[in-house]
Amino acid sequence: MKTLSIDVRRAEPHDAPAISEVHRLAWQQAYTGIIPHRALRQMIERRNEIWWRKATKGPATLLVLDVAGTVAGYATLGLNRARALPQEGEIYELYLRPEYQGIGLGRLLFGEARRLLKSLGCKGMVVWCLEENENADRFYREHGGVDFCEGVEVFDKKQLKKIGFVWN
């Protein structure tokens, strides 16, 4: 009998190609039909392997979800960028390859990201998601997020409402 290893760990520069692929697949699935096509394509192209390699060394913490040697997802996190909010931590992104969604791995990655922020001394946390991203909206509500505030993101002149979920 084989044992399946599932691990959440800090990303390393050699993970960049796999993270880039997770990003591309997850964003295409999550945002096609929400973000205008040209803007979505440009955002995905900008986050190429080189961009992710630099991100592994950047100021934000980058975690990967490793399933039996395959990078199945990633999360970026750090200090809250919305100074008007009292929560100190923020998960900037949390994405899984589509074939790894819906089986509890997102919960695992989310939990590890929250624990890391707490271990760094962050009191409270915020996560933003586009209102039209129903899967993300449902995920954060199911995991105790409180719909606390709203904002707007603009993509190719199209304004999209985003929701700030908080945990205290």
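Checking the conditions here, which among VAL146, VAL166 is surrounded by fewer than 18 Cβ atoms within 10 Å (Cβ to Cβ) and either out of contact with any helix residue (DSSP H, G or I) (no Cβ under 6 Å at 6 or more places or on another chain) or charged (D, E, K, R) (or both)? Walk me through it before giving the result.
Numbers: VAL166 fails: surrounded by fewer than 18 Cβ atoms within 10 Å (Cβ to Cβ).
Sole residue among the options that is surrounded by fewer than 18 Cβ atoms within 10 Å (Cβ to Cβ) and either out of contact with any helix residue (DSSP H, G or I) (no Cβ under 6 Å at 6 or more places or on another chain) or charged (D, E, K, R) (or both): VAL146.
List, please: which pairs have Cβ atoms under 9 Å, are six or more places apart or on different chains, and start with a residue in region 1-19 that is surrounded by 20 or more Cβ atoms within 10 Å (Cβ to Cβ) and end with one that is of a type outside the set (A, V, I, L, M) and in a loop (DSSP other than H, G, I, E, B)?
ALA11/THR56; ASP15/THR56; ALA16/ASN48; ALA16/THR56; ILE19/ARG47; ILE19/THR56
Please go through (1) touching a residue at least 60 places away in the same chain (Cβ under 8 Å); (2) closer than 16 Å to ALA18 by Cβ; (3) in contact with a strand residue (DSSP E or B) (Cβ under 7 Å, 6 or more places away or on another chain) for GLU112 and return the number of the only condition it doesn't satisfy.
(2) is the only condition that GLU112 fails.
For ASN80, work out the one condition from (1) at pLDDT 95 or above; (2) out of contact with any strand residue (DSSP E or B) (no Cβ under 7 Å at 6 or more places or on another chain) it doesn't fulfil.
Just one mismatch for ASN80, condition (2).
Return yes when TYR92 is under 25 Å from ARG10 (Cβ atoms), assigned to a strand (DSSP E or B), of a type outside the set (Gly, Ala, Ser) and at pLDDT 95 or above and no when it is not.
Numbers: under 25 Å from ARG10 (Cβ atoms): yes; assigned to a strand (DSSP E or B): yes; of a type outside the set (Gly, Ala, Ser): yes; at pLDDT 95 or above: yes.
For TYR92, the condition - under 25 Å from ARG10 (Cβ atoms), assigned to a strand (DSSP E or B), of a type outside the set (Gly, Ala, Ser) and at pLDDT 95 or above - is met.
Need the failing condition index for LYS118 against (1) in a loop (DSSP other than H, G, I, E, B); (2) surrounded by 13 or more Cβ atoms within 10 Å (Cβ to Cβ); (3) among the basic types (Lys, Arg), just the number.
(1)
The values are calculated or read from the model by the stated rules, or taken from the named source; none is laboratory data. A quick note: this is a predicted structure, and the numbers were derived from the prediction, not measured. All Cβ positions, glycine included, derive from the backbone under ideal geometry; neighbour counts span all protein chains shown.
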